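Single-structure report; data block below.
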Amino acid sequence: MKIWILCSLLLIGASVCNAQDKPLAVDERGKLIYYEVVDCKGLPKDSLFARADAYFKKAGKRFSSEAVVGDSLFESSAKLIIQKTALVMSRPSGEVRYNFYVEVKPEKYRFWFTDFSFIPYQRDRYGNFVPSTTVGTPLESDPGKLNVSEWQSYQKSTAKETGILAAKFKETMANTIPVQLPVKKAEAISTKKW
Amino acid sequence: MKLKSLLTLASLAIGSAGYAQETADAPLQISGSVDTYYKYDFEKRSNIPTYFGSDHNSVSLGMIDLVLKKTTGKASFVGELSFGPRGQYQSIPNSDGGYIEGDGYNSFHIQNLYASYAFTDKFSMTAGYMGTFIGYEVIAPTGNYNYSTSYLFSYGPFQNAGIKGTYAFSSKASLMVGLFNDWNVYSDNNGVSHIGAQLMLSPVEGWTAYLNVLSGKKEFDPGTGTVLDLTTSYQVTENFKIGLNAADYSIDNDGAGAYSGAALYLQNSFTPGFGLGLRGEYFNMKGTGGADDESVTAVTLSGNFKAGGLTFIPEVRFDNGSSEMFAKSNLTPSKSASQFSLALVYAF
């Protein structure tokens with residue numbers, strides 16, 4: 001009986017681990033992509049636009065570039081760090097740079113993460129991990145037979161992290177948590193000046 | 001009973017693996033490398049005097065290098081220890097007794113041991129024993145494309161103990177200024193004797209240049225020594241990188257050990273798992289006491305086969321001197337030397 005319980009635990013554990021491994025899809029350009037369209041019945045475009053704008057403002061420096069195209073599209077780029085973790089040991093093995101797009105319309109919006117490129121890290125002379133190159137390798141590239149397992153782990157980590165980012169973004173857009181924008185400190189009034 | 005134990009262990013292992021994936025920032029970063037090599041000198045004796053990989057016709061050890069790093073808020077430390085010939089008796093300070101420090105022997109070599117504090121996003125200070133800011137190549141084999149090292153690396157400083165402040169004007173420019181001990185010592189008998197600075201410029205994406213200066217009077221040297229160093233690299237394309245190191249070291253009052261030279265590095269990745277790197281170097285040892293300068297030209301071609309954390313480096317090297325600075329197998333002097341080596345470097 002105990003063996004059956006342990007077997008069940010084993011299977012549950014394995015399935016929990018696998019549930020996090022939903023791979024990224026491929027778009028019409030052959031690029032890896034996380035793409036989602038979300039319906040928001042009753043919400044006007046302006047409101048969705050304001051929520052997306054608030055998301056980017058709150059994210060602050062996490063996005064290295066950010067631009068609004070027209071009155072409905074946001075374009076931004078960012079990076080996520082891939083950690084190589086084994087029990088208590090951990091170190092960054094590289095970073096994945098990506099573009100993040102959000103487009104709003106009345107009663108719906110869509111967003112997608114794409115143009116993933118991987119930059120491996122190497123240890124510098126001071127023992128810190130730094131990018132070994134400035135030009136990334138597209139994440140959908142064929143890594144060759146010898147590096148396939150390592151490359152697949154980068155793809156899996158990227159899929160997992162974008163899933164987490166997507167959930168957080170959708171949470172902001174659903175406005176289930178109040179958006180808190182950074183508040184500017186009120187200027188003190190000087191009585192020395194007229 | 002055994003089956004139950006195995007299943008319990010397996011369940012725990014899967015649980016911990018799942019948990020490990022959730023860890024975004026590890027409290028303590030552990031990394032390192034190991035390396036080993038085989039070298040064959042065509043004159044059947046160790047001939048080329050650059051550092052590491054010195055044994056002829058032997059499967060020999062490099063070192064195991066262990067790095068710990070922890071960041072807490074704005075404070076961080078790095079501790080890096082190496083064990084093995086590359087980090088001990090072939091290095092500086094070393095444990096062969098030739099270099100006496102403290103009790104005269106050490107069982108390991110500290111590569112880095114320092115703490116930093118970032119006062120702002122732009123300004124940080126660091127104190128301790130650090131890898132030198134001079135030059136292109138480093139002691140850890142994971143930081144070099146070629147397994148054998150250049151003359152510029154071998155004659156330049158390995159580490160500098162001191163205190164330094166770094167100010168980043170932007171992501172394209174920063175300035176470091178520091179006060180340092182003599183080269184390659186854990187403690188300095190003649191006081192904090194050197195001043196150093198590094199200007200980092202990155203005018204375009206992919207191009208980084210470091211202009212370095214380190215000046216001071218080493219214990220027992222007749223005068224002040226000054227290294228001027230340029231280290232730069234440019235990632236031309238996704239696959240092609242070019243690097244350059246040029247340096248001049250002068251010592252007042254005709255001090256011995258001065259040099260100048262330049263090394264060019266060309267590296268190309270043909271596939272994600274295979275690349276070739278060519279290093280061409282001209283190195284000039286300045287003569288003292290009226291003696292002539294001696295120079296050497298070295299060409300090194302290295303392959304890099306990568307599989308996960310492992311890099312296999314087959315390499316050929318040809319050195320040609322201005323005078324008979326090498327020796328043939330029968331010990332007669334020779335102007336040239338050449339070698340072939342195979343190295344395994346694993347980074348974790």
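Only the coordinates and a few stated rules stand behind these numbers; no lab work does. Only a predicted model underlies this, so the values are computations on that prediction, with no experimental measurement involved. Positions of Cβ are backbone-derived with ideal geometry, glycine not excepted, and every protein chain shown enters the neighbour counts.
Assorted remarks:
- Computed E for residue B:163/residue B:30 - FRET, C-beta separation, R0 30 angstrom, nearest 0.05: 0.70
- Relative contact order (%) - chain B, alpha-carbon pairs under 8 angstrom, separation at least six: 13
- FRET E, pair residue B:253, residue A:135, Förster distance 56 Å, beta-carbon r, rounded to 0.05: 0.70
- Between the beta carbons of residue A:189 and residue A:107, assuming R0 = 30 Å, the FRET efficiency works out to 0.10 to the nearest 0.05.
- Subtracting the Cα-Cα distance of residue B:74 and residue B:205 from their residue separation scaled by 0.36 nm leaves 44.4 nm.
- Residues of the stretch B:55-93 with amide N under 20 Å of the 7 Å Cα→Cβ point at residue B:115: B:67-81
- Taken about its Cα centre, the protein assembly as shown carries a charge dipole of about 2200 debye when Lys and Arg each add +1 at the Cβ and Asp and Glu each add -1 at the Cβ.
- Mean separation of Cα contacts under 8 Å, 6 or more apart, over the residue count of the stretch A:22-174: relative contact order %: 25
- Residue mean of other protein chain beta carbons inside 10 Å, A:117-130: 6
- Taking 7 Å steps out from each Cα toward its Cβ at residue A:61 and residue B:305 produces label points 4.4 nm apart.
- Label-to-label distance, nm, for residues given as residue A:28 and residue B:83 (7 Å Cα→Cβ offset): 5.9
- Each eigenvalue of the Cα gyration tensor of chain B, multiplied by 5 and square-rooted, gives one semi-axis; in descending order these are 35, 28, 22 Å.
- Alpha carbon centroid spacing (whole Å) that separates the stretch B:297-348 from the stretch B:187-234: 28
- For the pair residue B:294 and residue B:324, the difference between a 0.36 nm per residue extended length and the Cα-Cα distance amounts to 9.8 nm.
- Using every pair of separate Cα atoms, the Kirkwood estimate puts the hydrodynamic radius of the protein assembly as shown at 26.7 angstrom.
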